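The values are calculated or read from the model by the stated rules, or taken from the named source; none is laboratory data. In this text, all values refer to a predicted model and were calculated from it rather than measured experimentally. As a convention, Cβ positions derive from the backbone with ideal geometry for all residues, glycine included, and neighbour counts pool all protein chains shown. Ligands, DNA and RNA are stripped out before the accessible areas are found, and what is left, the full protein with its side chains, is counted by its heavy atoms. Shrake-Rupley method; radii C 1.70, N 1.55, O 1.52, S 1.80 Å.
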Amino acid sequence: MTEQFITKLDAALDAAKGLSDEELLIACDGMLYPSTFTSLETLQALDSFEARSDDLMVVGYAKSGTNWVVNILKGLARIVSPLHTDEAAEFPYLEFGDPDKYERMKKYQSPRVYVTYRYYNLLPKSVSQNKTKMLVLFRNPKDTAVSLFHFSNNVPSLPNYSSWDEFFPDFMSGKVCCCPYFDYLIDWNKHMEEENVMLITYEELKENTVAGVKKIAEFFGLPVTEENIQSVVSQNTFQSMKKESSTTHGAFGNMLFRKGIIGDWMNYFNEAQNKEMDAKFEECLAGTKLGAKLKYDVYCKN
Ligand SMILES: Nc1ncnc2c1ncn2[C@@H]1O[C@H](COP(=O)(O)OS(=O)(=O)O)[C@@H](OP(=O)(O)O)[C@H]1O
């Protein structure tokens with residue numbers, strides 16, 4: 001299963017060779033997707049995806065730590081359902097893969113684990129119909145931007161930048177995969193109070209992973225013990241995921257597991273960039289519940 005997943009990853013990276021920046025990205029419903037990982041047919045077929053009430057669904061902006069949280073959830077899923085077949089051959093991102101994947105997913109045993117980068121209004125209708133629970137994961141904008149900058153330069157399926165200074169304006173104006181960071185957070189901020197939505201931040205999880213995973217397990221109603229949580233946490237530290245990454249992700253592993261820390265932005269942002277990002281945060285999220293949860297003053301100020 002994992003071999004099939006790695007084959008798919010390798011094929012998507014390989015297919016990017018020789019493509020122009022324009023060819024690398026597909027625009028669909030105000031979002032940008034890597035063309036070698038998905039297609040317009042897949043994105044259309046996604047509307048028909050049948051979400052279940054017991055799915056473990058993650059929503060997150062790119063580079064928020066979605067692979068980390070998906071792996072944690074897969075660990076928890078295997079504990080509550082030992083026969084869990086694990087959708088290991090599929091891309092965990094709902095948006096990526098071939099159009100037939102949603103048919104295949106109908107056969108996967110509950111609880112299924114997947115992640116989406118989509119705006120709320122672009123989710124398949126079945127999500128609200130079946131009251132699927134959504135774990136929304138965000139990371140502070142400065143570290144998210146730095147992570148995305150490196151990822152864009154390391155992954156052949158995304159446009160390349162000659163420098164951080166060239167990337168920064170594109171991040172601020174939202175010309176990056178998958179959509180403008182601030183528009184995405186403003187959109188999800190409107191849904192934070194819904195009972196099937198729980199927010200967790202990368203920083204919260206990093207500072208106290210055991211407490212974070214406990215909250216996650218409670219939110220999804222997973223009957224796991226303290227010991228179970230402890231073992232899932234220790235199997236999914238950055239160091240262990242990075243060490244295992246060639247087995248779990250092949251060549252892609254090195255591109256995905258970079259530093260896994262809070263505050264790397266301080267090595268990149270100059271004074272003007274800090275001012276610009278601080279002002280944008282103030283304009284878009286200051287005074288909101290989501291803004292407060294991000295603890296911008298703690299994680300994004302010197
Ligand atoms: N276990 C664990 N602990 C802490 N941090 C981790 C972990 N796993 C992945 N990461 C870091 O998360 C960043 C990648 O985020 P995503 O998985 O959302 O990337 S992607 O959007 O799916 O490409 C990327 O962040 P940066 O290191 O800052 O680039 C990864 O290193």
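Over every pair of different alpha-carbon atoms in the range 1-62, take the mean of 1/r and invert it; report that Kirkwood radius in Å.
Computed over Cα pairs of the range 1-62, the Kirkwood hydrodynamic radius comes out at 13.8 Å.
If I take every Cα pair under 8 Å that is 6 or more residues apart in the chain, average their sequence separation and divide by the length, what percent do I get for the relative contact order?
That works out to 24 percent.
May I ask you to list the residues of the range 22-66 whose amide nitrogen lies under 14 Å from a point 7 Å from Cα along the Cα→beta-carbon direction of ASN121?
Under cut-off, by backbone N: 29-31.
Using 7 Å Cα-to-Cβ label points, what is the GLU103/LYS295 separation (nm, one decimal)?
Placing both labels 7 Å beyond Cα along the Cβ direction yields 4.8 nm.
So what does the Cα-only Debye profile of the range 2-299 read at q = 0.11, 0.16 Å⁻¹, as log10 I(q)/I(0), no solvent term?
Once normalised to I(0) and log-transformed, intensities are -0.64, -1.54.
Quick one: length gained pulling GLU244 to GLU22 fully straight, 0.36 nm per residue minus the C-alpha distance?
Net length gain for the segment: 76.6 nm.
Multiplying the sequence separation of GLU282 and GLU207 by 0.36 nm and subtracting their Cα-Cα distance, what value in nm do you get?
My answer for the length gained is 24.6 nm.
Give me the distance in nm between label points sitting 7 Å out from Cα along the Cα-to-Cβ direction at HIS191 and LYS131, one decimal.
1.7
Of PHE96, PHE219, ILE186, which is farthest on the positive side of the dipole of the range 2-299, counting Cα position, with +1 on Lys and Arg Cβ, -1 on Asp and Glu Cβ, and the Cα centre as origin?
Going by the Cα projections, it comes out as PHE219.
On average, how much accessible surface per residue is there in the chain, in Å², for a 1.4 Å probe, leaving out ligands, DNA and RNA?
Ligands and nucleic acids excluded, the figure is 44 Å² per residue.
For the pair ASN254 and SER173, what calculated FRET efficiency results from E = 1/(1 + (r/R0)^6), where r is the Cβ-Cβ distance and R0 = 25 Å, to the nearest 0.05?
0.30
Grab every C-alpha pair in the range 203-285, bin the distances at 10 angstrom width from 0 up to the longest one, and report whole percents.
For the range 203-285, the binned pair fractions read 14, 29, 31, 22, 4 percent.
Would you kindly state how much longer the chain becomes between THR2 and ASP165 on full extension, computed as 0.36 nm times their sequence separation minus their alpha carbon distance, in nm to one decimal?
54.9 nm
How much of the accessible area of the range 200-240, probe 1.4 Å, is carbon plus sulfur, in whole percent?
Answer for the range 200-240: carbon and sulfur cover 50 percent of the accessible area.
Projecting each Cα onto the charge dipole of the range 218-302 (Lys/Arg +1, Asp/Glu -1 at the beta carbon, about the Cα centre), which of ILE261, ALA251, THR237 comes out farthest on the positive side?
ALA251
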